């Protein structure tokens, strides 16, 4: 009786080499390497960009600081007490300005008034009524009448000489003239009744009614001449000046 062989699982073939385990797919490894390389490049680019931005900011800050330094003026040393003292010593002594000196100006009394012509008081117009300009009578002194505003080319002017009785410093003169406009006036001041010795202090042109002649610099003298170099028209078609009053303002004495 033969015993048959026991059938079982087949064993390994002794003449065949065992199978090796499968390796990862090479394509996936290449893709992964590329992805990692991209991330590395992006990171490096970010670092370079950040560094460049920081450099630009630092450069702008430095430029702004330099510009501010150039714009700021260099500090100058304040003068020492001895220098200040020397400057004060070198400065001229301050003197009162004319306006400050005339702040105390007041109405001055007028001793007398006289008609005045190119030769002085000897040829003034209408001399008998000259006093009216200081007498507050309501009646005017008036000049002779002429055919033109320039005295018919007969003379250079006409006026009223105010005698202040003593030397005064004049600040202004207030006149009340007739209503007609067109008079030219010079205000002359001096210590003599000779026309050439009376200097012009101020003037006005084409005036009428109430006129204020303001003196801008200190002028002193005993005599104040209101001198008309051009006449306004009158109601008869001629040319004539009317003066109702004259007041002088200033400081008594020199």
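Remarks
- Region 104-252, relative contact order in percent, only Cα pairs under 8 angstrom and at least six apart counted: 34
- Multiplying the residue separation of residue 137 and residue 252 by 0.36 nm and subtracting their alpha-carbon distance yields 38.8 nm.
- Segments 111-118, 193-200 sorted - mean Cβ within 10 Å per residue, highest first: 111-118, 193-200
- Förster radius 22 Å - calculated FRET efficiency between residue 121 and residue 238 (Cβ-Cβ, nearest 0.05): 0.35
- Modelled spin labels at residue 191 and residue 35, positioned 7 Å past Cα toward Cβ, are 11.8 nm from each other.
- Here the label points at residue 106 and residue 150, each 7 Å from Cα along the C-beta direction, are separated by 4.5 nm in the simple model.
- Annotation for residue 200 and residue 214: the two label points, set 7 Å from Cα along the Cα-Cβ direction, are 1.9 nm apart.
Every read-out reported here was derived from the displayed coordinates using simple, explicitly stated rules and does not represent laboratory data. The structure presented is a predicted model; accordingly, all values stated were derived computationally and were not measured. Every residue, glycine as well, gets a Cβ built from its backbone with ideal geometry; the counts of neighbours run over all protein chains shown.
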